[in-house]
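Worksheet: the structure to be examined is printed underneath.
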Amino acid sequence: MNTHWRLFKNLETPLSTAQGLAVDDTLPCSVGQHHSPPILHLYTFVPSAIVGKYQDMDAALRLDRCRARGIEYNRRSTGGGTVIMGPEIMSLGLGINVDYPGLKKGVGGVFESLSIVLIKAMAALGIEANFQPKNDLEVNGKKIAGLSAAAEANSTLLFHTSLLVDFDVALMTDIMNTPVVKFQDKGYNCFSQRMTTVRHETGRDVSVAETVDAIQGAFEEEFQVAFKEERPDAWERKTIQNFIDQRYTKEEWIFSHKHPRTRMGVGQLKTRGGLLEIYLSLSGASIESILITGDFFSTSADIHKIENALKWTSARGERIEENITSVWHDDMIYGIDVSTLTQAVLLAKENQVRL
C-alpha cells in the first residue's frame, strides 16, 4: 500500500455539532483547493440532533424538548433526514475526488461503493450487513447506518455516515417530529423495530474505538491505501473556524429552509428517493413562488435551477413537466424522476387552490 490517505480522528472528547460539521465541510475543500489526498474523519458528537440540508428545523424537531434535555441541534451541508447523534454513535466524514478510482459514478454509485467499505467493517465485527437503497446500511432489515453525500464545486465529494454502536430510541421518539407520510409507511411505524446497533447485533459491549478500527481497516483493504493520522494544518484550521463562525453558529444557517407559513399549498410525497415536500403559491394560473424541500439528496444549485424553471410559468401539469424536463439531468434529485416531482408539484397546486 503505497498510496496514503489522511486520517483525522477525534474519539477522546465528543465534538460539538459546529466543530464536527465544520471539520467535515473542510474535507472536500482541502482535497479540491488545498491539494490534499482523500481525508477520512472519524469522531463522535455530543448528544445532538442534526437535520439534513433541505429540511425544516422546526418541522423536524421538537426544539423545546431538545433545549430542555440539553440536546444540541444543527443543520449539516449534506442531504437526507434527521439523525440523532451522541458519544456512542460513530460519525464518519470523507472528502474525496468524485472520479477517484474505485468510486462508481453518481450519488447512487458513491453510496454503493462506500457501503461496501462499511459492509466489510461490519463483517470484521461479526455482523452481516447489506446496502439498502436509497441510503441505508441494514442488518436483517433493520437500519444500522445512514449515508449522505454532497458535491463540492462539482469535483470533490463529502460523504457522511453515522453508525449506531448504541442508540437511545426513546430519546429519538421524544425529540423528533416524524411526518405523517412516514408513519403511513409501515416500515417506519415503529422506530424500535426499524433500527439496530452494533452492540445488539454482536451481543457484546463493542466500543466506538473498536468500530473505528474496523472501518479504518476496511477502507485500507477496499482502496488499497495506508492512513497517516494527522491534525488539520494551518489552512484547514482557518477554514474550519470560518465554517464555525459563518455557518454552524449562525441562526440564518441553522434555521434556513424554513417552510413558508402563509398561503402556500403543500405537496408531500413519500418517494423512493426520500420524503419530497413542495411549497407553492399561485398568481392566477401561474406559479408565483415554489420551494422544494425534504430529506432527499441533491445540490443547492440543482434545486435552485428547478425552482427557477418553474417560477412564473403555467401551473398546468404538462407545462410543469416540460419546464422540469428542460433543466433535468440524471440523478438531479437522487431517486426521484421528473414524473414524481411533477406529481408532488401538482399536489401542492391542488392544496393551494383549496386555500
Kindly check whether there is at least one residue in the range 78-87 that is without any contact (Cβ under 8 Å) to a residue 40 or more places away in the chain and surrounded by fewer than 23 Cβ atoms within 10 Å (Cβ to Cβ).
no
Among the residues of the range 151-179, write down those that are surrounded by 23 or more Cβ atoms within 10 Å (Cβ to Cβ), among the hydrophobic types (A, V, I, L, M, F, W, C) and either at pLDDT below 90 or under 18 Å from the mean Cα position of the chain (by Cα) (or both).
LEU157, LEU158, PHE159, LEU163, LEU164
Mind telling me which of the residues GLY109, GLY52 ends up being surrounded by fewer than 21 Cβ atoms within 10 Å (Cβ to Cβ) and more than 24 Å from ARG199 (Cα to Cα)?
GLY109
Top-ranked residue of the range 120-139 - restricted to ones that are in contact with a strand residue (DSSP E or B) (Cβ under 9 Å, 6 or more places away or on another chain) and closer than 15 Å to THR202 by Cα, ranked as surrounded by the most Cβ atoms within 10 Å (Cβ to Cβ)
ALA121
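For the range 65-77, name all the residues that are in a strand (DSSP E or B) and surrounded by fewer than 21 Cβ atoms within 10 Å (Cβ to Cβ). Steps first, please.
Just the residues of the range 65-77 that are in a strand (DSSP E or B), to begin with: 72-75.
Within the range 65-77, GLU72, TYR73 qualify.
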Suppose we filter the range 293-304 for residues that are among the small types (Gly, Ala, Ser) and either surrounded by fewer than 17 Cβ atoms within 10 Å (Cβ to Cβ) or over 23 Å from VAL107 (Cβ atoms) (or both); how many remain?
2
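For residues in the range 281-310 being of a type in the set (Ser, Thr, Tyr) and in a strand (DSSP E or B), which is nearest to LEU269 (Cα to Cα)?
From the range 281-310, those of a type in the set (Ser, Thr, Tyr) are 281, 283, 286, 289, 293, 298-300; that's our starting set.
Then keep just the ones that are in a strand (DSSP E or B); that gives 281, 283, 286, 289, 293.
Working: SER281: 18, SER283: 23, SER286: 22, SER289: 19, THR293: 11 Å.
Per the criteria, the residue is THR293.
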Is there a residue in the range 245-258 that is more than 30 Å from SER113 (Cα to Cα) and in contact with a His (Cβ under 8 Å, 6 or more places away or on another chain)?
no
Check the range 305-322 and report whether any residue there is surrounded by 17 or more Cβ atoms within 10 Å (Cβ to Cβ), touching a residue at least 60 places away in the same chain (Cβ under 8 Å) and within 24 Å of ALA59 (Cβ to Cβ).
no
If you take the residues in the range 252-280 that are assigned to a loop (DSSP other than H, G, I, E, B) and of a type outside the set (D, E, K, R), which one is modelled with the highest pLDDT?
PHE255
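One line per residue, one yes/no per condition, for (1) under 28 Å from SER155 (Cβ atoms); (2) among the polar types (S, T, N, Q):
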position	(1), (2)
LEU276	yes, no
ALA309	yes, no
GLU322	no, no
THR342	no, yes
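Within the range 192-233, take every residue that is of a type in the set (A, V, I, L, M) and in a strand (DSSP E or B) and give me the one that is nearest to ILE84 (Cα to Cα).
From the range 192-233, those of a type in the set (A, V, I, L, M) are 195, 198, 206, 208-209, 212, 214-215, 218, 225-226; that's our starting set.
The next check asks that each one be in a strand (DSSP E or B); those that pass are 195, 225-226.
Values: MET195: 12, VAL225: 31, ALA226: 31 Å.
Applying the filter and picking the extreme gives MET195.
The values are calculated or read from the model by the stated rules, or taken from the named source; none is laboratory data. Computed from a predicted model, the values in this text were never measured in an experiment. Quick reminder, even Gly has a Cβ in these numbers, built from the backbone with ideal geometry, and neighbours come from all protein chains shown.
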